[in-house]
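Asks: First, the structure itself, so that you have it in front of you.
The values are calculated or read from the model by the stated rules, or taken from the named source; none is laboratory data. Being a predicted model, the structure only gives us computed values, none of them experimental. In this analysis, Cβ positions are derived from the backbone assuming ideal geometry, glycine residues included, and neighbour counts consider all displayed protein chains.
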Amino acid sequence: MLKLAIYGKGGIGKSTMTANLSAAFASLGKKVIQIGCDPKADSTINLLGGRAQQPVMEYIRDHGDDLSSINEISETGFGGILCIETGGPTPGLGCAGRGIIATFNLLEELELFETVKPDVVMYDVLGDVVCGGFAAPIREGYAEHVLIVTSGEKMALYAANNICCAVENFADRGYADVAGIILNRRNIPGEEEKVRSFAAEKGLEIVGDIPRSDDINQFEEQGMTVIEGDPDLPISHKFTELAEKLLELDR
């Protein structure tokens, strides 16, 4: 089972990267689970035809946490991908990170992985704040590898550095490692040089280089990934090639 946590600054495109990668894995015949770990609960929208699903924390507030089946807090999207959103507390009340921890505990009780038996698990995690909750996929052993999405923008690289530091803090405990960087291009001056310099400083590989693409925006407007919209596009091939490369981590 390949378990990946995708981290990145808010607005950097990590959910777009995650959903398209999940779709690419599914198109390669893999059974995939995608878990959105962001209070906005928008990670899986483009796997569900543009429709937002009810987050776990909202379900618990409405129905309590006495669940009998994973079907109560999940939906099936493109390619049979099982979609789950952790969500968060009522805005202005409580800690969003605790929502992630509570959801993960619930998924353990429901024996998610034992029941579904996925080939790939994708965690889409906000990277601006690496507090206890948002660091859970790293420190609790849920994910084996971290991918950091960044552009060449200063604050995106600043967040990427913070994520690297958070992972390094748990290195001696056998938790997740940083498997590489996904460069999500914004076409700023000197972007490639800046990201390559950062990667070299951290001893990391740029595993994926995703060009800015109007096709991504076009299909997101229709509530889908480019893999679903047109798998033959050059940008779709980029995600499929990256998915194939990442599957080698599980060998």
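Asks: For Lys3, are the conditions met, namely being assigned to a loop (DSSP other than H, G, I, E, B), of a type outside the set (S, T, N, Q) and closer than 25 Å to Ile138 by Cβ? Break it down stepwise before answering.
Replies: Details: assigned to a loop (DSSP other than H, G, I, E, B): no; of a type outside the set (S, T, N, Q): yes; closer than 25 Å to Ile138 by Cβ: yes.
Judged against the criteria, Lys3 is not a match.
Asks: Still on this model: Are there any pairs with C-beta distances below 7 angstrom linking a residue in region 30-55 that is under 20 Å from Ile216 (Cα atoms) to a residue that is among the polar types (S, T, N, Q) and assigned to a helix (DSSP H, G or I), with the two at least 6 apart or on different chains, and if so which?
Replies: Correct list of pairs: Gln34/Thr18; Gln34/Ser22; Asp42/Ser15; Ser43/Ser15; Ser43/Thr18; Leu47/Ser22.
Asks: May I pose another question? Output the number of the condition that Arg173 fails; it satisfies all remaining conditions of (1) under 20 Å from Ile138 (Cα atoms); (2) buried (at least 16 other Cβ atoms within 10 Å of the Cβ).
Replies: (2)
Asks: How about region 66-77: which of its residues are in a loop (DSSP other than H, G, I, E, B), surrounded by 12 or more Cβ atoms within 10 Å (Cβ to Cβ) and out of contact with any helix residue (DSSP H, G or I) (no Cβ under 6 Å at 6 or more places or on another chain)?
Replies: The initial filter retains those residues of region 66-77 that are in a loop (DSSP other than H, G, I, E, B), namely 66-69, 74, 77.
Next, from what is left, pick out any that are surrounded by 12 or more Cβ atoms within 10 Å (Cβ to Cβ): 67, 74, 77.
Selection gives Leu67, Ser74.
Asks: Kindly indicate the residue of region 201-230 that is aliphatic (A, V, I, L, M) and in a loop (DSSP other than H, G, I, E, B) and also nearest to Thr18 (Cα to Cα) among those meeting that condition. Before you say what the answer is, go through the steps one by one.
Replies: We begin by selecting, within region 201-230, every residue aliphatic (A, V, I, L, M); these are 204, 206-207, 210, 216, 224, 226-227.
If we keep only those that are in a loop (DSSP other than H, G, I, E, B) too, we end up with 204, 224.
On the way: Leu204: 19, Met224: 13 Å.
For region 201-230, the residue satisfying everything is Met224.
Asks: Six or more apart or on different chains, Cβ under 6 Å: which pairs go from a residue in region 104-123 that's over 17 Å from Ala176 (Cβ atoms) and surrounded by fewer than 19 Cβ atoms within 10 Å (Cβ to Cβ) to one that's modelled with pLDDT of 90 or more and among the charged types (D, E, K, R)? Could you list them?
Replies: Between residues of region 104-123 that are over 17 Å from Ala176 (Cβ atoms) and surrounded by fewer than 19 Cβ atoms within 10 Å (Cβ to Cβ) and residues that are modelled with pLDDT of 90 or more and among the charged types (D, E, K, R), the close pairs are Asp119/Lys30; Asp119/Lys31.
Asks: With the checklist (1) part of a strand (DSSP E or B); (2) touching a Cys at 6+ places or on another chain (Cβ under 7 Å) in hand, flag the one item Gly36 doesn't pass.
Replies: (2)
Asks: Residue under question is Asn161, and the condition is that it be surrounded by fewer than 20 Cβ atoms within 10 Å (Cβ to Cβ), within 24 Å of Ile100 (Cβ to Cβ) and without any contact (Cβ under 8 Å) to a residue 12 or more places away in the chain; does it hold? Reasoning before the result, please.
Replies: Working: surrounded by fewer than 20 Cβ atoms within 10 Å (Cβ to Cβ): yes; within 24 Å of Ile100 (Cβ to Cβ): yes; without any contact (Cβ under 8 Å) to a residue 12 or more places away in the chain: no.
It is false that Asn161 is surrounded by fewer than 20 Cβ atoms within 10 Å (Cβ to Cβ), within 24 Å of Ile100 (Cβ to Cβ) and without any contact (Cβ under 8 Å) to a residue 12 or more places away in the chain.
Asks: Same structure again: Count, please, the residues in region 117-154 that happen to be part of a helix (DSSP H, G or I) and modelled with pLDDT under 95. Don't jump to the end; show me each part of the working.
Replies: Initially, region 117-154 is screened for residues part of a helix (DSSP H, G or I), giving 136-139, 154.
From what's left, modelled with pLDDT under 95: 136-139.
The total comes to 4.
Asks: Out of (1) modelled with pLDDT of 85 or more; (2) more than 20 Å from Thr18 (Cβ to Cβ); (3) assigned to a helix (DSSP H, G or I), what's the single condition that is false for Pro189?
Replies: Among (1) modelled with pLDDT of 85 or more; (2) more than 20 Å from Thr18 (Cβ to Cβ); (3) assigned to a helix (DSSP H, G or I), Pro189 violates only (3).
For (1) at pLDDT 95 or above; (2) closer than 24 Å to Gly180 by Cα, each residue gets a yes or a no:
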residue	(1), (2)
Thr16	yes, yes
Ala23	yes, yes
Gly29	yes, yes
Ala41	no, no
Ile45	yes, no
Leu48	yes, no
Glu58	no, no
Gly64	no, no
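Asks: Let me ask another. Would you pick out the residues in region 151-166 that are among the polar types (S, T, N, Q) and in contact with a strand residue (DSSP E or B) (Cβ under 6 Å, 6 or more places away or on another chain)? Before the answer, list the steps.
Replies: In the first step, residues of region 151-166 are kept if they are among the polar types (S, T, N, Q); the result is 151, 161-162.
Of everything in region 151-166, just one residue is among the polar types (S, T, N, Q) and in contact with a strand residue (DSSP E or B) (Cβ under 6 Å, 6 or more places away or on another chain), namely Ser151.
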